[in-house]
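Where a number appears in this text, it was derived from the coordinates with a stated rule and is not lab data. Nothing here was measured: the structure is a model prediction, and the numbers come from that model. Here Cβ is always computed from backbone atoms with ideal geometry, including for glycine, and neighbour counts include all displayed protein chains.
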Amino acid sequence: MKRVAVISLLAMIATPVAAEELSDRLAASRAAIQEFAQSLQGELQAAMQAGGPPQAIQVCSERAPEIADSISQKHGLAISRTSLKIRNPANSPDAWEREVLESFDARRAAGENPAHIEKQAVYIRGDQKEYRFMKAIPTGEVCLNCHGAQVAPPVEGALKRLYPDDAARGYNVGDLRGAFVVRKAMD
Ligand code: HEC
């Protein structure tokens with residue numbers, strides 16, 4: 001059984017949360033993330049084959065948020081992606097997510113397999129309680145086309161146009177590109 005962090009911004013409140021309830025939420029979060037990742041990867045690969053990275057940029061910029069929305073609705077939760085180095089400012093991490101991303105980087109540096117790095121927590125702010133889950137996203141070879149130190153000139157041009165403040169560059173295979181985030185309000 002994984003350790004569960006119970007976090008409160010205002011006060012440390014010992015909140016009893018049934019372990020069973022958390023394991024259900026964990027399973028649902030993992031399933032939603034798997035569906036999101038598979039769907040995104042499928043569309044990315046198809047676009048890469050059809051028109052190379054310049055065409056595939058559209059999948060990432062337009063389809064990624066759409067797929068996230070439809071999977072969120074289907075599973076009754078909120079799924080998104082975030083990172084310590086952001087391309088789209090809409091994906092910026094909040095303070096808790098930033099802390100988790102930093103801990104993921106440290107876990108990877110300590111030798112943990114990035115494919116298995118994840119964390120769940122019950123996040124409490126005032127009288128609102130939220131289930132949160134994050135899963136690391138490792139950088140693969142294909143990602144370097146748009147997130148590596150060097151990208152092809154047409155990609156460079158398109159990224160500059162769409163994302164003038166792009167910081168999501170300079171990655172190597174095996175680095176953590178970011179994480180999936182699942183959130184769901186709890187009663
Ligand atoms: C064809 C170019 C392209 C490729 C290839 C690509 N990405 Fe991206 N990526 C983008 C774009 C464009 C965005 C911004 C999406 C948006 O506007 O929400 C992005 C955003 C992201 C984000 C959200 C955080 C942020 O920086 O805004 C993550 C995480 C991410 N990519 C991971 C990956 C991973 C992992 C791979 C390889 C499996 C990959 N990307 C391959 C273009 C690409």
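Listed values, structure above:
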| item | result |
| --- | --- |
| Evaluation of GLU156 against (1) within 12 Å of the chain's Cα centre (by Cα); (2) not in a loop (DSSP other than H, G, I, E, B) (one fails), failing number | (1) |
| Residue ID - farthest from the ligand (Cβ to nearest atom), chosen from residues in segment 56-87 that are over 23 Å from GLY148 (Cβ atoms) and β-branched (Val, Ile, Thr) | ILE71 |
| The listed residue being surrounded by fewer than 18 Cβ atoms within 10 Å (Cβ to Cβ) and among the aliphatic types (A, V, I, L, M), out of LEU162, LEU176 | LEU162 |
| Test for SER103: is it among the hydroxyl-bearing types (Ser, Thr, Tyr) and assigned to a helix (DSSP H, G or I) | yes |
| Qualifying residue in segment 105-115 (condition: over 28 Å from VAL151 (Cα atoms), within 15 Å of the ligand (Cβ to nearest atom) and crowded, with 17+ Cβ neighbours inside 10 Å) | no |
| Among the candidates ALA90, ALA179, ALA168, ALA158, residue that is within 9 Å of the ligand (Cβ to nearest atom) and in contact with a His (Cβ under 8 Å, 6 or more places away or on another chain) | ALA168 |
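This table checks each residue for (1) in contact with a Cys (Cβ under 7 Å, 6 or more places away or on another chain); (2) more than 23 Å from GLU62 (Cβ to Cβ); (3) not in a loop (DSSP other than H, G, I, E, B).
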site	(1), (2), (3)
VAL122	no, yes, yes
ILE137	no, no, yes
GLN150	no, yes, no
ASP165	no, no, no
ALA179	no, no, yes
